[in-house]
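Before any comments, here is the structure.
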Amino acid sequence: MTQLKPFHHGDLKRVLFDVALARLDEHGAGGVTIRAVAKAAGVSHGAPVNHYKDRRALLTAIAKAQFDALLTEIDSRLEELGEDCEPRIEIVASAMMDFGFRYPHRYRLLWSADLIDHTDAELLSVMDRIYDRLCTEFSKAVPGRKFDKDTYAVALWSMVHGYVDMRLSGMFEPLNDSISGAPRGEAIIDMFKGFLA
């Protein structure tokens with residue numbers, strides 16, 4: 001029987017997280033099991049339970065960290081841009097698209113209710129903060145609006161998510177708009193902004 005290498009990392013919880021994230025990026029959520037992560041970390045398959053009670057808890061922790069990273073990216077882009085309202089909605093939407101295309105397996109995990117615990121308080125908190133950023137930008141950008149900020153935010157988020165999901169599933173190709181010349185994702189966001197005028 002092969003013996004596991006001694007564990008020398010010092011922070012097993014962090015190592016398990018990092019190994020799970022690497023496996024997610026390489027194999028998708030199907031490649032993230034407690035046994036596979038423990039083996040890759042060089043510990044017994046029972047060791048992770050001290051930090052993540054099960055696979056769902058581990059995947060929920062990963063999802064929370066990805067929403068945190070997305071929020072940080074959105075805030076960073078908004079801070080660089082300043083208070084000019086018009087392009088700020090575009091910044092939030094494009095950050096979401098960019099994240100999905102850069103990390104397809106992570107993006108899919110975020111919306112997998114069967115794999116992560118969408119009732120987790122910390123996860124809900126960071127998701128709400130992203131949604132609140134979007135609502136805040138709509139409140140500033142569409143002062144004489146016909147609909148409430150939530151309708152605008154849900155519409156844009158749904159449109160962005162639908163496009164990213166269809167691209168990741170291979171249903172849409174990454175083409176440019178034949179009139180504006182802009183990449184399709186940018187053109188879709190510009191079109192949405194046109195509806196707000």
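The values are calculated or read from the model by the stated rules, or taken from the named source; none is laboratory data. All of these numbers come straight from a predicted model, not from anything done at the bench. Reconstructed Cβ throughout: ideal geometry from the backbone, glycine too, with neighbour counts over all protein chains shown.
A few points about this structure:
- Taking the criterion of being in contact (Cβ under 8 Å) with a residue 24 or more places away in the chain and either loosely packed, with under 14 Cβ neighbours inside 10 Å or not in a loop (DSSP other than H, G, I, E, B) (or both), the residues of segment 112-126 that qualify are Ser112, Glu122, Leu123, Val126.
Residues are listed down the side, and each one gets a yes or a no for (1) over 30 Å from Leu58 (Cα atoms); (2) out of contact with any Phe, Trp or Tyr (no Cβ under 7 Å at 6 or more places or on another chain); (3) assigned to a helix (DSSP H, G or I); (4) modelled with pLDDT of 95 or more:
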position: Asp128; (1), (2), (3), (4): no, yes, yes, yes
position: Ala153; (1), (2), (3), (4): no, no, yes, no
position: Met166; (1), (2), (3), (4): no, no, yes, yes
position: Ser178; (1), (2), (3), (4): yes, yes, no, yes
position: Gly181; (1), (2), (3), (4): yes, yes, no, yes
position: Met191; (1), (2), (3), (4): yes, yes, yes, no
position: Gly194; (1), (2), (3), (4): yes, yes, yes, no
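- Scanning segment 135-190 for residues that are within 23 Å of the chain's Cα centre (by Cα) and loosely packed, with under 13 Cβ neighbours inside 10 Å turns up Asp150, Thr151, Ser158, Gly162, Met166, Ser169, Gly170, Met171, Glu173, Pro174, Leu175.
- Among the residues of segment 45-67, the ones that are surrounded by fewer than 17 Cβ atoms within 10 Å (Cβ to Cβ), outside any helix (DSSP H, G or I) and not acidic (Asp, Glu) come to 4 in all.
- Members of segment 29-44 found to be part of a helix (DSSP H, G or I) and without any contact (Cβ under 8 Å) to a residue 60 or more places away in the chain, listed by number: Gly30, Gly31, Ile34, Arg35, Ala36, Val37, Ala38, Lys39, Ala40, Ala41
- Members of segment 19-44 found to be loosely packed, with under 15 Cβ neighbours inside 10 Å and hydrophobic (A, V, I, L, M, F, W, C), listed by number: Ala22
- Hey, Leu70 of a type outside the set (Gly, Ala, Ser), in a helix (DSSP H, G or I) and under 30 Å from Arg55 (Cα atoms) or not: yes
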